[in-house]
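Asks: Please find one structure pasted underneath; my questions will follow.
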Amino acid sequence: MKICIVSSCGGHLTEVRQLRAAYGAYPHFYVLNNKALLPPDMEGKTYFISHSERDWKLLLNLWEAFRLLRAHRPGLILSTGAGPAVPFALVGRVLFGARIVFVETVTRIRSPSLTGRIMYWLAHDFFYQWQPLARFFPKATYGGPLL
C-alpha cells in the first residue's frame, strides 16, 4: 500500500513525521504547501503545491491533488493539517477511494481547528491528542500527544 503524507510545513510536518514508525516501512511520498529544507529521507519523494489560505488557490490545490493522486494512486492519505489536508482528502476519498487518516494537531487542546472540524467528516480514521476535544469528536479516537 502506498501512502501520501500531506502537511503544511513547520509544526504539522514535525507532528506527522512522529508517525514515521507507522508508515516508514510502506512506499510513501510527501506533499507540502511550502518549500522547505528537507531531511535526507524526504528528498526525492516530496512534492510542493501552492500555499492556499482559504482563498481561490483552494481550487488550484484541488487540481494539484487530482494530478498527484492520479499519478501515484495511494491507498491511504495521512495528515495532521492544515490547509492542504482538505483538498487531498476530498479528491482522494471521492475520486480515488483512498482511506483518509487525520490527526488533529497537538496545539488544539480545548477547541478544534477549522481543518479538524472539516476533516472529522471526511476522514475514515480521526484521532485527537487531548481529552478535552472528545466532546467535539465523539466518534473519533483519543491517541494522546505525538510530541
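Asks: Can you list the residues, at least 5 places off or on another chain, whose amide H is less than 5 Å from the amide H of Ala123, using H built in the peptide plane?
Replies: none
Asks: List the residues whose amide H sits under 5 Å from the amide H of Arg99, counting only those 5 or more places along or on another chain, with H placed 1.01 Å from N in the peptide plane.
Replies: HN-HN under 5 Å from Arg99: Leu76, Ile77.
Asks: Could I ask something else about it? Taking the solvent-accessible surface of protein heavy atoms with a 1.4 Å probe, what is the per residue accessible area of segment 1-103 in Å²?
Replies: 49 Å²
Asks: What longest range of the chain stays clear of loop-exposed trypsin sites (Lys or Arg not before Pro) (DSSP non-H/G/I/E/B, at most 14 other C-beta within 10 angstrom)?
Replies: 55-109
Asks: A further question follows. Which residues' amide hydrogens lie under 5 Å from the amide hydrogen of His28, considering only partners 5 or more residues apart or on another chain, with H built in the peptide plane?
Replies: Those lying under 5 Å, H to H, from His28 are Ile3.
Asks: Below 18 Å, Cα to Cα, which lysines can Lys2 reach? Residues fewer than 8 away in the same chain don't count.
Replies: Hits, sequence-local ones excluded: Lys45.
Asks: Using θ = phi - 60° and the Karplus form 6.51 cos²θ - 1.76 cosθ + 1.60, what ³J(HN,Hα) does each residue of segment 99-109 get, whole Hz, x for Gly and Pro?
Replies: Per residue, the Karplus-derived 3J(HN,Hα) values read 7, 10, 10, 10, 10, 4, 4, 5, 6, 8, 9 Hz.
Asks: Can you send over the carbon and sulfur percentage of the accessible area for the chain, probe radius 1.4 Å, protein chains only?
Replies: The value for the chain is 58 percent carbon and sulfur by accessible area.
Asks: What would the Debye equation give as log₁₀ I(q)/I(0) for the chain at q = 0.10, 0.14, 0.16 Å⁻¹, counting only Cα atoms as equal point scatterers?
Replies: Log-scaled intensity ratios, in q order: -0.30, -0.60, -0.80.
Asks: Right, another one. Taking loop as defined by DSSP and a crowding limit of 14 other beta carbons within 10 Å, which GluC sites (Glu not before Pro) in segment 1-56 fit?
Replies: Passing sites in segment 1-56 are Glu43, Glu53.
The values are calculated or read from the model by the stated rules, or taken from the named source; none is laboratory data. Remember, it's a predicted structure, so these values are computed and weren't measured experimentally. No Cβ is skipped: glycine too gets one built from the backbone with ideal geometry, and neighbour counts run over all protein chains shown. Note: areas computed on protein heavy atoms with side chains; ligands, DNA, RNA excluded. Shrake-Rupley method; radii C 1.70, N 1.55, O 1.52, S 1.80 Å.
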